[in-house]
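S.K.: Pasting in a structure now, in structure tokens, and then I'll have a few things to ask.
Each value in this text was obtained by applying a stated rule to the coordinates, not by laboratory testing. A quick note: this is a predicted structure, and the numbers were derived from the prediction, not measured. Quick reminder, even Gly has a Cβ in these numbers, built from the backbone with ideal geometry, and neighbours come from all protein chains shown.
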Amino acid sequence: MHFDVIIIGGSFAGISAALPLARARRKILVIDAGERRNRFAAVSHGFLGQDGREPGLIVSEARHQLERYPTVHWLNAKAQAAERTSNGFAIEIDGKPMKEGRRLILAAGVADRLPEIPGLQERWGKSVFHCPYCHGYELNQGRIGVIASGEHSMHHALMLPDWGETTFFTNGIVVPNADQVAQLRARAVKVETTPVRKIAGDRADVWLDDGRIVAMDGLFTLTRTSVQIPWAEQLGCVMEEGPLGQFIRTDAVKQTTAKGIFACGDAARAAGSVALAVGDGALAGTAAHQSLMFGND
């Protein structure tokens, strides 16, 4: 079967991209590997009308609504590679025939790599977070720690006092200069320079190398991200380097630098959230549809 559009990724951005195409009665295929970025979080915040809901429920309900449209096909699988053909694109999937489509939308998101501190990964999405807008309010202005992972962590530390009493654990990664020390002091941020040994406890207590234990209600740290579609560059998509990792370069309507390929969601911006991913997907889906109507194959 040859599709009008193949969408790689069936989370917030991918489903949002699929919806306008389905409503235009275009034949589409969504290929989803089930690696939604916020699968570690119990609840999602900041998305209009869905604040405080479990993210998996939002996605499953959205998929159910999408699959009511008869031109939608869904495949639970991982896209291994893609190649350009005379009719568009062919997608390679493990153990299955190639899937072909005229347009391609990349919406598979990113993977997070946390600082290598024992106890951090196990608490990711529960008491260790990266986005204060998504998770800061629920800490009820309590004790918040920021674990440095790079120079951009300084900005992170300056943000967090709006959500609680903040301690910046520099962990040998960041050495604030005089101006930065003044900024941290002005924001009432405590600075702890002793290296972090591990994270333990029911929430996120910080164990330091000198034996002290600093009790925290929650921790924030910035991850390094990598695009979940490593073969995007092989198709001609230019990557950009953001403060936290690479992402796919797109224009104002989510067209990549490669003809016929669109990208949306966290894979296509330097930072992201559920709301931004959904908006990106809507742009990518409508732009892909209009390229089918008015573009040249």
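S.K.: Would you mind checking which residues have amide H under 5 Å from residue 245's amide H? H placed 1.01 Å from N; only 5 or more apart, or other chain.
M.R.: 225
S.K.: Still on this model: Taking K and R as +1 and D and E as -1, what net charge do the other residues with C-beta under 9 Å from the C-beta of residue 71 add up to? Write down the numbers at each step before the final one.
M.R.: Values: positive: 25, 26, 27; negative: 4.
Result for the local shell: +2.
S.K.: Among DSSP bridges having both ends in the chain, what percentage is antiparallel? Round to the nearest 5.
M.R.: Values: 26 of 60 bridges.
Beta bridges within the chain, antiparallel portion: roughly 45 percent.
S.K.: Please report, ordered by residue number, every helix of the chain (full DSSP H runs) that is 24 Å or longer along its axis going by C-alpha atoms and whose mean Kyte-Doolittle hydropathy reaches -0.5.
M.R.: Details: long enough: 274-294 (30 Å, 1.07).
Answer set is 274-294.
S.K.: What distance in nm separates the simple spin-label points at residue 64 and residue 121, each placed 7 Å from Cα in the Cβ direction?
M.R.: Spacing of the two 7 Å Cα→Cβ label points: 3.4 nm.
S.K.: HN-Hα J couplings of the stretch 127-138 from phi, Karplus 6.51/-1.76/1.60, θ = phi - 60°, integer Hz, Gly and Pro as x?
M.R.: Going residue by residue, I get 10, 10, 9, 10, 10, x, 5, 7, 9, x, 4, 5 Hz, with x marking Gly and Pro.
S.K.: If you place +1 on the Cβ of every Lys and Arg and -1 on the Cβ of every Asp and Glu, how big does the dipole about the Cα centre of the chain come out, in debye to the nearest 20? It would help to have the intermediate numbers written out before the result.
M.R.: On the way: 32 positive and 32 negative charges, 149 e Å.
Charge dipole, the chain, about its Cα centre: 720 debye, nearest 20.
S.K.: How large is log10 of I(q)/I(0) for the stretch 115-221 at q = 0.12, 0.13, 0.22, 0.25 Å⁻¹ when the intensity is taken from the Debye formula with one equal scatterer per alpha-carbon?
M.R.: -0.34, -0.40, -1.21, -1.56
S.K.: Any cysteines in the chain with zero other Cys Cβ atoms under 4.7 Å from their Cβ? List them, or say none.
M.R.: By the Cβ distance rule, which asks for a partner under 4.7 Å, the isolated cysteines are 237, 264.
S.K.: Report the per residue volume, in Å³, of the convex hull enclosing the C-alpha atoms of the chain. Intermediate results must be reported in sequence, preceding the final value.
M.R.: On the way: hull volume 40.2 nm³, N = 297.
So the per-residue Cα hull volume is 135 Å³.
S.K.: A further question on this structure: Can you return the lysines within cross-link range of residue 198? Criterion is Cα-Cα under 26 Å, with same-chain partners fewer than 8 residues away left out.
M.R.: 126, 190
S.K.: Follow-up. Hey, with R₀ at 41 Å, roughly what FRET efficiency would residue 25 and residue 133 work out to, going by the Cβ-Cβ distance, to 0.05? All intermediate terms of the calculation are to be shown ahead of the outcome.
M.R.: Working: r = 37 Å, r/R0 = 0.90.
After rounding to 0.05, the efficiency reads 0.65.
S.K.: Evaluate E = 1/(1 + (r/R0)^6) for residue 241 and residue 179, where r is the Cβ-Cβ distance and R0 equals 35 Å; express this FRET efficiency to the nearest 0.05. Intermediate results must be reported in sequence, preceding the final value.
M.R.: On the way: r = 25 Å, r/R0 = 0.72.
It comes out at approximately 0.90.
S.K.: Hey, how many Å between the Cα centroid of the stretch 96-162 and the Cα centroid of the stretch 53-77?
M.R.: Result: 24 Å between the Cα centres.
S.K.: Given contacts defined as C-alpha pairs under 8 Å and at least six residues apart, what's the relative contact order of the chain, whole-number percent?
M.R.: Details: 659 pairs, mean separation 64.6, N = 297.
Rounded, it is 22 percent for the chain.
S.K.: To one decimal place, what orientation-averaged projected area in nm² is obtained for the convex hull of the Cα set of the stretch 1-94?
M.R.: Values: hull surface 26.9 nm².
Taking a quarter of the hull surface, the average projection is 6.7 nm².
S.K.: Just going by the charge dipole of the chain, with Lys and Arg at +1 and Asp and Glu at -1 on Cβ, which of 204, 34, 73 is farthest out on the positive end?
M.R.: The one lying farthest along the dipole's positive direction is 73.
S.K.: Still on this structure: Would you compute, from DSSP H runs of 4+ residues alone, the mean residue ellipticity of the chain at 222 nm, taking -39500 (n - 2.57) per run and dividing by the full residue count, rounded to the nearest 500?
M.R.: Numbers: 6 runs with 65 residues, N = 297.
It comes out at -6500 deg cm²/dmol, rounded to the nearest 500.
S.K.: Next up: To the nearest 0.05, how large is the calculated FRET efficiency for residue 259 and residue 141 if R₀ is 35 Å and r is the Cβ-Cβ distance? Kindly include the intermediate steps, with their values, before the conclusion.
M.R.: On the way: r = 50 Å, r/R0 = 1.44.
It comes out at approximately 0.10.
S.K.: Hey, another quick one. Please list 3J(HN,Hα) in residue order for the stretch 163-168, calculated via the Karplus relation 6.51 cos²θ - 1.76 cosθ + 1.60 where θ = phi - 60°; whole Hz, with x for glycine and proline.
M.R.: Ordered by residue, 3J(HN,Hα) equals 10, x, 5, 10, 10, 9 Hz.
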